[in-house]
Each structure stands twice: as structure tokens, then as C-alpha cells.
Amino acid sequence: MSLSLSADQPAVPADADDGVWLECIECGETFAPFEDVRYTCDECDGLLEVRYADLPTFADFEGRGVWRYGASLPLEEGVTIREGATPLYEVPRLEESVGVEALRIKHEGMNPTGSFKDRGMTVGVAVAKELGVDRLACASTGNTSAALAAYGSRGGMETLVLLPAGKVAAGKVAQASLHGARILEVDGNFDACLDVVQELAAKGEAYLLNSLNPFRLEGQKTIGLEILEGFLADYDAVPDRIVLPVGNAGNTSALYKAFRELVQAGELEEGEVPKLVGVQAEGAAPMVEAIENGADEVRRWDDVETRATAIRIGNPVNAPKALPGIRETGGTAISVTDEEITAAQRDLAGEGIGVEPASAASVAGLRKLRADGVVSDDERVACLTTGHLLKDPDAAAAAGRDPEPVPADTEGVLAHLQGE
Ligand code: F0G
């Protein structure tokens with residue numbers, strides 16, 4: 001199987017361009033990377049992956065941010081707003097209360113538009129330029145649309161975003177709007193938006209920049225590379241486990257690909273690869289269902305609901321890449337309630353780290369797995385927090401303390417503070 005951790009480096013096909021090509025994960029068909037617009041396999045409609053003739057080792061990386069990892073990306077430079085190089089925070093109180101040897105928070109909310117999506121867009125929008133397209137599009141629960149709008153405008157291109165009406169957090173819509181995207185509010189959920197935008201893309205109306213696009217996931221690999229370099233610097237070892245929220249399972253797929261490539265490059269032992277743990281909200285947990293049932297495919301959930309609107313997704317399109325990632329690394333998937341998500345959002349806030357609800361799912365999932373004994377007390381763990389608190393100000397205000405009205409004089413304020 002091409003997605004196995006022990007897969008050999010594939011032979012370089014004739015259609016490779018400068019050592020880069022696209023390969024179908026289902027049937028192995030190969031394609032030139034930048035000649036035609038293509039999102040899935042022409043032969044079997046399977047998902048595509050970018051492949052390289054030469055895979056880098058850590059010594060090949062230099063500089064800062066996503067483009068530090070240019071040697072593992074399909075282009076040497078992108079349309080950039082200085083994405084990546086996000087903090088890997090220490091959280092001593094949370095580490096103690098969860099009860100693990102080490103807990104670090106990789107806060108992707110610290111990217112230019114406030115989510116990890118920027119890492120994918122800096123690559124994806126550059127590939128769009130290479131392909132010569134002029135209109136970009138995505139379906140989104142919000143963050144992808146904010147990132148696409150910003151990187152599209154940076155690249156001087158037109159952007160179109162399809163959002164589920166009434167289900168996108170305020171900060172994200174504001175970003176897409178100000179960066180100049182045309183916002184189409186769809187009377188349906190995210191999965192319906194993705195169905196429509198895929199058809200628009202197939203008709204050649206726009207270039208699709210959802211995570212179905214294999215180039216976007218290349219940029220997202222850099223989250224994994226940064227976490228590994230951070231742990232190697234601080235602990236002289238890679239983490240035992242990485243816990244992350246799952247929607248379309250793009251990050252799960254991207255992190256797994258980053259690790260597979262390091263194994264193929266001889267930089268990482270198979271047994272060292274961190275266990276990947278996907279966390280979903282209880283009301284939108286088709287990946288968890290598939291992992292629990294040992295299923296080869298994910299069943300689409302038509303009705304999904306969660307306060308964590310970023311991961312309100314019933315049809316994770318990258319499941320064929322992500323399921324092997326979870327299984328081959330010895331990881332798992334778990335669901336958490338909205339209440340557990342909000343509690344974890346408060347825990348992170350108590351360490352000064354402001355995240356949106358979907359992000360907190362990772363910490364909520366870790367806590368649950370630790371309580372269940374799946375995670376042991378000697379593990380070093382990284383939790384991914386995918387988006388910034390300000391993305392969803394309503395959720396933050398609802399989870400936080402209420403403002404207290406006081407009179408406009410010091411005596412009155414003092415009296416209030418003394419509880420009179
Ligand atoms: N966390 C946040 C904050 C997200 O915005 C998303 C996805 C995820 C997690 C899930 O990541 O798809 O790689 O499993 N948001 C997409 C969007 C769907 O449109 O912004 P995944």
C-alpha cells in the first residue's frame with residue numbers, strides 16, 4: 001500500500017517535473033504536477049498526493065516559517081504573508097492537571113490570518129499562479145475562506161467563498177469580507193458547500209483550494225516538521241503523540257505525510273513516528289465512528305451539529321489519507337462533547353492561550369484519553385490548537401466571565417469590588 005509507513009520511495013515517472021509529480025493513492029497513476037488543473041485521479045477519481053524524487057532531511061531546512069521547509073515543498077517560494085513559525089507553548093498547569101510527562105501547545109492561531117490554513121494557502125495560491133488560473137474558490141466553515149481571501153488578494157487574484165449560512169463565526173466572515181472575497185452564503189451545511197464548489201471547479205469556473213487540493217496539504221506538512229524540530233531541540237526526542245482536531249482530516253493526512261517522508265528519507269525510525277490522535281465533536285464524528293468500527297471507509301453524516309463550527313463537518317474528504325495515518329502510527333480517534341470543548345477552551349485561556357472552540361477539542365480529547373488510560377503518564381504530547389480566540393468572539397464571550405456594570409466614579413467601583 002502506497003500510504004504505509006514502510007513504503008519505499010517510488011520510482012520517478014516520466015511525467016515528473018523537476019523531480020515533482022502527482023500520484024493517485026488508490027491506483028498509482030501518475031500525472032505532471034503543473035500542466036493541467038486536476039484535483040483527483042483521471043482514472044479512478046482517487047485522492048492525489050504530491051511525490052518527490054528527493055526527500056530532504058532536517059539538515060536541508062533553513063530560514064524561518066513555512067518556506068524554511070522549501071526542500072519538502074513543490075515550489076521554492078510561495079505567495080507569502082510570513083506564515084508558520086508558530087509558538088510551541090509550555091503549559092505547566094495544564095500539563096500537571098492532564099498528568100503527562102510533557103504537554104506542549106502548537107498554537108496555529110498565531111498565523112497571519114489566525115489559523116493553520118495560511119500554511120496551505122501560501123503553497124496552494126502559488127501553484128494556482130503557476131497553473132495560470134485567475135479565480136480561486138473554496139467551501140468553508142470559515143477559516144479556509146479567511147485565508148484564501150487574504151492570500152488571493154496578496155497574489156492579486158479573484159476569490160469566491162461558499163459558506164454555510166448562519167454557521168460561520170463572525171471573525172472569519174469579517175476577514176473574508178475585508179480581504180475582498182465574494183461571499184456566497186449557501187442554504188446548507190459545509191458538506192453541501194463543498195459539493196457545489198467541487199462542481200464549479202470541475203466546470204472550470206474556479207481553482208479549488210479546499211484540502212482536497214493536494215498542494216495545500218504540502219504546506220500543512222510544515223506543522224508536523226515544526227513540532228518535531230521543537231521537540232528535538234527541547235527534549236532531544238520527537239513527541240510520543242500529537243493530538244489534533246479533525247474536520248476534513250486534512251491536517252491528519254498532512255502530518256502523516258510529513259512523517260512518512262522523514263521515514264523514507266532515513267531521518268526517522270518507523271517506531272519513532274508520533275501517534276496521531278484525531279478529535280471530533282460528538283455531533284460531527286464520522287471519523288471516530290470509522291476508527292471505532294475498524295471500517296475502511298467513513299460513512300457521511302448528513303446531520304451535524306456542534307458549537308465548534310470550524311469542525312461541523314459530516315463528510316471528511318481526506319479520510320482515505322487520514323485513516324491509514326491514524327492506524328499506521330498506532331493512534332486513535334475520539335469524540336468530545338461541546339461542554340468538554342468549552343472547558344478545555346477555558347483551561348487554555350487560563351494559561352494565556354486564546355483559541356477558538358474547535359482548537360480546544362485537541363486538549364479535551366487528550367484529557368479524556370488520559371482519564372481512560374489510553375495515554376500514559378510518561379508520554380510527551382503535543383496538542384494542536386488550530387485557530388485564534390478572536391475568530392469566534394461570541395463563543396469566547398459565552399465561555400468567559402460576564403462584564404459587570406459599575407457607576408462612573410471610583411467610590412462606586414470600590415464599593416462594587418467590595419461586594420456591596
Ligand atoms: N480547526 C479549525 C479551527 C478549522 O478551521 C478546521 C477546518 C479544522 C480544525 C479541521 O481541520 O479539515 O484539516 O481536519 N476548517 C475548514 C474551513 C473546514 O473551512 O475553515 P481538517
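Is it true that G204 is surrounded by fewer than 24 Cβ atoms within 10 Å (Cβ to Cβ), away from the ligand (no atom under 16 Å from the Cβ) and assigned to a helix (DSSP H, G or I)?
No: the conditions fail for G204.
Within region 320-420, considering only helices (runs of 4 or more DSSP H) that don't extend past its boundaries, which have at least 2 residues that are touching a Cys at 6+ places or on another chain (Cβ under 8 Å) and either of a type in the set (D, E) or closer than 23 Å to Q280 by Cβ (or both)?
Those helices (runs of 4 or more DSSP H) span 357-371.
Give me the pairs: first residue in region 375-398 and in the same structural domain as K106 (by TED's automatic domain parsing), second residue within 15 Å of the ligand (Cβ to nearest atom) and of a type in the set (F, W, Y), beta-carbon distance under 9 Å, and six or more apart or on different chains, which are they?
L384/F116; T386/F116; G387/F116
Report, by residue number, each residue of region 366-395 that is out of contact with any strand residue (DSSP E or B) (no Cβ under 9 Å at 6 or more places or on another chain) and either aromatic (F, W, Y) or within 15 Å of R346 (Cβ to Cβ) (or both).
D392, A395
Can you work out which of the residues in region 227-250 that are within 16 Å of the ligand (Cβ to nearest atom) and more than 14 Å from L268 (Cβ to Cβ) is surrounded by the most Cβ atoms within 10 Å (Cβ to Cβ)?
V246
I want to confirm something. Restricting to region 141-168 and keeping residues that are among the hydroxyl-bearing types (S, T, Y) and either within 22 Å of R82 (Cβ to Cβ) or assigned by TED's automatic domain parsing to the domain that holds R300 (or both), which single residue is surrounded by the fewest Cβ atoms within 10 Å (Cβ to Cβ)? Reasoning before the result, please.
Filtering region 141-168 down to residues among the hydroxyl-bearing types (S, T, Y) leaves 141, 144-145, 151, 153, 159.
Subsequent filtering for residues that are either within 22 Å of R82 (Cβ to Cβ) or assigned by TED's automatic domain parsing to the domain that holds R300 (or both) retains 144-145, 151, 153, 159.
Working: T144: 29, S145: 31, Y151: 31, S153: 18, T159: 26.
In this case the residue turns out to be S153.
Is region 275-291 home to any residue that is out of contact with any strand residue (DSSP E or B) (no Cβ under 7 Å at 6 or more places or on another chain), more than 13 Å from the ligand (Cβ to nearest atom) and of a type outside the set (A, V, I, L, M)?
Yes - at least one qualifying residue is present in region 275-291.
Restricting attention to region 169-184, which residues are surrounded by 19 or more Cβ atoms within 10 Å (Cβ to Cβ) and more than 15 Å from G114 (Cα to Cα)?
Answer for region 169-184, where residues must be surrounded by 19 or more Cβ atoms within 10 Å (Cβ to Cβ) and more than 15 Å from G114 (Cα to Cα): just A181.
Within region 349-392, which residues are farther than 23 Å from A174 by Cβ, among the hydrophobic types (A, V, I, L, M, F, W, C) and more than 9 Å from the ligand (Cβ to nearest atom)?
The answer is V363, A364, L366, L369, A371, V374, V375, V381, A382, C383.
The values are calculated or read from the model by the stated rules, or taken from the named source; none is laboratory data. Source: prediction; values computed, not measured. No Cβ is skipped: glycine too gets one built from the backbone with ideal geometry, and neighbour counts run over all protein chains shown.
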